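A quick write-up on the structure given underneath.
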Amino acid sequence: MGLRFSGAWLPALIAIVGFLALPFGRPGRPFLTIDPNLYGWAIGHPLLWLVLASALAALVISLLKLPTSPRGDLLVVAGAVGLGAGVLWLLLTATPFGMGALVAATGMALVLGHALSESGRVQGDAFIATSILIVSLFVLLFIIYPLFMVLRSAFVIEGAFDLSQFRRTIGHPLFFFLENPRSAIDEVGLTLRWGVVVGLLSAGWALFRRQRLPVVLARLVLGGVLGLILGAMFYGRGALPTSLLTVAIVAPACTLLGLAFALLGQRSRFRPVRRSLDVISVLPIITPPFILAFAMIFLLGRRGIITHGVFDISSNWIYGIPGVALAQILAFTPIAYLLLRGSISSLNPALEEAAQTLGAGPWTTLKTITWPLVRPGLAAAFLLSMIESLADFGNPMILGGDRNFLATEVYLSLTGRYNAHEAASYGVVLLALVLLAFFVQRWWLGGGSFVTVTGKPSGGALAPIPRAIEVLLSAVLVVWTLFVASLYVSIVVGSFAQLWGVNYSLTTRHYRDFMTAGWPVFLYTARVAAISAVPAMLLGFLVAYLVSRHRFWGRRFVEFGSLLSFATPGTVMGVAYIFAFNTGPWLLTASATIIILALVFRNMPVAIRAAVAGLAQIDPSLEEASTMLRARSFTTLRRVLFPLLVNTLVTGLIFAFVSAMTAVSQVIFLVSPGNQLATVLLLGWVEQGQLGRAAAMGTILIVSMLLTILVVLALAQRISARVVRVES
Amino acid sequence: MDNASTVIRGITPATVDLRGLVKRFGKDVLAVDDVDLFIERGELLTLLGPSGCGKTTILRLIAGLERPTEGQILIDDDDVSRLPAYLRDITMVFQSYALFPHMNVFENVAYGVRVAGRPQEEIRERVAEALAMVGLEEYAQRSTSALSGGQQQRVALARALVIRPRVLLFDEPLSNLDAKLRKRVREDIRELQQRLGITSVYVTHDQEEALAISDRVVVMNQGVIEQIGSPHELYTRPATRFVADFIGSANFLPGRYDGRVVDVLGYQRPHEQDLPSGPVTVMVRPEAIEFARPGEEGFEATYLSSAYLGPVTEFIFDVTGVEVFATISGSGMSRAERGDSVRLRFKDVGVSLLPPD
């Protein structure tokens, strides 16, 4: 029993060959240049000799006839030393890594993976151990390290800890100022008044509830602070109050609308209503996030059909908080709806019936049963809308007008004012706010999440909504649907109209313009998105599999990392990638590679969630049975899990592709001449006022995404049906 | 054994030796607490105990699905404690059968041979052989979901045997079957195991199943072994009160033992057991109590209640303030009244001594 040779011999050999045959560093950006001076042996640094020596040692040890576990221990040492020495050399000399380093590092990581498995230090075979290692390294390099670089840029200047830049940024009027000397009103006084009023109201409520004096005083102070914050948000200017005020409008609106739609979807008496909600839930997936903002210009802008055409007003009112908030509500309500749909549908009607048989009236039932069960879903929807609103980039870019927002300031300070420290400081503030919301949500819902998940929907009739309320909600839905539909229609019409608002005669001019200026970019984007979707899906599946099926040291770290990459606003991640990969050993910028990597790690969490949900449906003893039949875990993945999850995986793949196609904030920093992306180009056209051309591109984007989803989902169903047929 | 070698070639049963095995989950949960156990070549050993006693954990440790926190696992003198599961020549039959839903019966059974990279010809041969062994030759092309529970169970068994394991593990394999089928399948398993002479470890919480199927039974409680022995030993000479209570049912009565005679409830009875003189707990199986015929030795008891169960009647008596329950064949005292006094005696078997509480 045991292994005669260690499986590490092959990767060790690969590492040696890579080290000898390929350059360890490279002189500049291009990967494929071979500089004879940058071969590992030509540089002759002791650390590099150590890399070669440990690879040779690993090869020899692998082939020695030793008991499996102690040999594994020796190989762990060799692998760790080799990998560590190589990385240390790169860090010390800040030489961009070359192909040789890539091959040698991969080889040594594989050696380490085999060794960890054979030594028994990681439970699982070489594939599992290597996967754990590589996933952890990826999380470290492409999620944690870039975010660390943002912190570093904000707080470290010329090698020393220095708060001055951060203080200058948040002290700047672009960030926050209250008293505007040129305005007629007294902002500070008004804000103070808000503080006093809210404080007194809160204390009065406490008195009314007959609370004790310390509680009343505490309420007074808390209410006062809340009032001051609200006042500052309302009267203040700058990115912070603007973003917060927008959030304060958008999050409650999205949550309420989401709840209304979820109630209708679950309990409406009319089938068409429920069907239309299915469509609404798919729309944001196929639409680039700022398309609706752009369409709002057509409908509500200075020459908008509704504003100018119907009411004959020509105003700029949508540029600023109202427009951004409206665009965000349209964009994020479907997300809130999806979250709440789950929690509404998990409400077990039997619970409400049980309460009623125990003598609770409708109002008591609502208060004691329904509300506590829906609350986690509401909280999740609220906080997610908050996060989306804070992180949103496209809508404020288009409709922000003279107001600045945190997410756009990150971009503008780097690309407009060329101030990396300022961009990092904005990034830190934005990240802190988003993570705060995120962890409040996790903390609030963590542990005792009492969503009644029982798998099968239980019997019992759903209590229909009272008719008056249903009519009201349906009216809201109809207005919503008409508005959104007219937005989409206006994009299509706009793409064929000579000049919106002036000359509505039909033309194909915009499509011809698009074909010359946009089509190559569109194809390139599709290629990049397709390339990024595969690793995003595979990596997501792998992480989901490792995290949900294996216990290993560092599991928390991997989970945390993928959570972080999900929660981090796109602009912050984009700027983080600039800081992390613009110089030094990990030089990757100005290439398709960096765009692909950004998209991979952006879309990985979505794939993880899909795969975790899929894996939860599969009895783990199937995998154990496969292991007990002496299949290695890779074989188990390929022969057992993959066929069973084909549907989930294809769906994950297609969503990764579509969201890579429509992503904008995380890649806007990373595009370069020759690496232009469709959404970034589209955003540029909208900003330059090339609305017809932009509408043409928007139409093509939406239609092609819709077709992709429909075709691929249909294919996936055929594939999975065939897999089942062939195998059984 | 000879027959077996013609049915399945290449099974060489191994011994399993557990030394000081400890398994902790997290910081607080001690699932297996310092277990030593030697499993003989070719025997069927059952791990029996209530849920959470650590029996399944031991099985998974032997399989390599869990890593021991401390201690060693030896298979034929090879230390496999740190060896990954797929390198141990062991396989397992799962409680849920774990048949791959996307494969038919043939593919399920072929799986282990296929992933070992054997040629097509050999795969066909070995699958046919294994299916014949469990009597499912006809079903090779069926979908697993079209089989009954008992048939699925046999597919799982064939799938395990086809890779010629040196040790076969069973994780509560019968718990998803109904009572009647359970009896038949367990006889099939036992028959096959003896024919192949394959070393087997069997986990169950059903004491009747354990007694029926095993060469030896290990009774476990809270991560430690309470007693190891043949089914007969465990029933007639339980080492602890837990074992006596878990296997069958028993009365526990205070008594004294002087090396030759045990004094229980004022009733003197010759008894031989290797136990020091002094106070003891006397375990009396309910079926070891019968009515004393006139003139026979015995003791006085007061009738409290009874329940007629057909072949036997369950009685509850009061003996000097201690409640004693007995199952006595026949209807006996169908017209007794509460408070009637009777004379009872113990049979020769079914009485055993335990250390005092």
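Residues of segment B:277-290 include at least one that is part of a loop (DSSP other than H, G, I, E, B), more than 30 Å from residue B:47 (Cα to Cα) and at pLDDT below 90. Taking segment B:70-80 as the range and being buried (at least 20 other Cβ atoms within 10 Å of the Cβ) and within 25 Å of the chain's Cα centre (by Cα) as the test, the residues that pass are B:73, B:75. Screening A:606, A:600 for residues that are at pLDDT 85 or above, β-branched (Val, Ile, Thr) and either assigned to a helix (DSSP H, G or I) or surrounded by fewer than 24 Cβ atoms within 10 Å (Cβ to Cβ) (or both) leaves exactly one candidate, A:600.
Yes/no per residue for (1) modelled with pLDDT of 85 or more; (2) not in a loop (DSSP other than H, G, I, E, B):
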{"position": "A:434", "(1), (2)": "yes, yes"}
{"position": "A:441", "(1), (2)": "no, yes"}
{"position": "A:457", "(1), (2)": "no, no"}
{"position": "A:480", "(1), (2)": "yes, yes"}
{"position": "A:484", "(1), (2)": "yes, yes"}
{"position": "A:511", "(1), (2)": "yes, yes"}
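Residues that are assigned to a loop (DSSP other than H, G, I, E, B), among the aliphatic types (A, V, I, L, M) and under 12 Å from residue B:252 (Cα atoms) within segment B:343-357 are absent altogether. Consider residue B:219 carefully, then state whether it is more than 24 Å from residue A:628 (Cα to Cα), of a type in the set (A, V, I, L, M, F, W, C), outside any loop (DSSP other than H, G, I, E, B) and in contact with an Asp or Glu (Cβ under 8 Å, 6 or more places away or on another chain). Yes; evaluated as a whole, the condition is true for this residue.
From the list B:54, B:42, the one residue that fits, being at positive phi, more than 14 Å from chain A (Cβ to nearest Cβ) and touching a Lys or Arg at 6+ places or on another chain (Cβ under 9 Å), is B:54.
If the condition is being over 30 Å from the mean Cα position of the chain (by Cα) and part of a strand (DSSP E or B), then segment B:124-170 contributes only B:143. Put simply, of B:88, B:67, B:124 the only residue that is charged (D, E, K, R), within 13 Å of chain A (Cβ to nearest Cβ) and surrounded by fewer than 23 Cβ atoms within 10 Å (Cβ to Cβ) is B:67. Touching a Lys or Arg at 6+ places or on another chain (Cβ under 9 Å) and aliphatic (A, V, I, L, M): does that describe residue A:178? Taking the combined requirement at face value, the residue satisfies it.
Candidates are the residues of segment B:100-121 that are facing chain A (nearest Cβ under 10 Å) and of a type in the set (S, T, N, Q); the one that is farthest from residue A:629 (Cα to Cα) is B:104. Against the condition in a helix (DSSP H, G or I) and surrounded by 23 or more Cβ atoms within 10 Å (Cβ to Cβ), how does residue A:109 come out, does it pass? So residue A:109 does not fit the description; no.
So residue A:40 clears everything in (1) under 22 Å from residue A:130 (Cα atoms); (2) buried (at least 21 other Cβ atoms within 10 Å of the Cβ) except one condition, right? Which one? Condition not satisfied by residue A:40: (1). On the stretch given as segment B:281-311, residues that are of a type outside the set (S, T, N, Q), in contact with an Asp or Glu (Cβ under 8 Å, 6 or more places away or on another chain) and crowded, with 17+ Cβ neighbours inside 10 Å total 3.
Residue count for segment A:620-644, restricted to those that are within 29 Å of the chain's Cα centre (by Cα), within 7 Å of chain B (Cβ to nearest Cβ) and free of Cβ contacts under 8 Å to residues at least 40 places away in the same chain: 1. Among the residues of segment B:84-104, is any over 30 Å from residue A:123 (Cα atoms) and either out of contact with any His (no Cβ under 6 Å at 6 or more places or on another chain) or outside the structural domain of residue B:62 (by TED's automatic domain parsing) (or both)? Yes, segment B:84-104 has at least one match.
Looking only at residues of segment B:70-85 that are under 26 Å from residue A:7 (Cα atoms) and among the charged types (D, E, K, R), we find that the one that is farthest from the other protein chains (Cβ to nearest Cβ) is B:77. Looking at segment B:91-106, which of its residues are buried (at least 24 other Cβ atoms within 10 Å of the Cβ) and more than 28 Å from the chain's Cα centre (by Cα)? Selection gives B:105 alone.
Please work out if residue A:94 is away from chain B (no Cβ under 14 Å) and either in contact (Cβ under 8 Å) with a residue 24 or more places away in the chain or closer than 23 Å to residue A:633 by Cβ (or both). So residue A:94 fits the description; yes.
The values are calculated or read from the model by the stated rules, or taken from the named source; none is laboratory data. Predicted, not measured: the structure shown is a model, and the values here were computed from it. Every residue, glycine among them, receives a Cβ derived from its backbone with ideal geometry; neighbour counts consider all protein chains shown.
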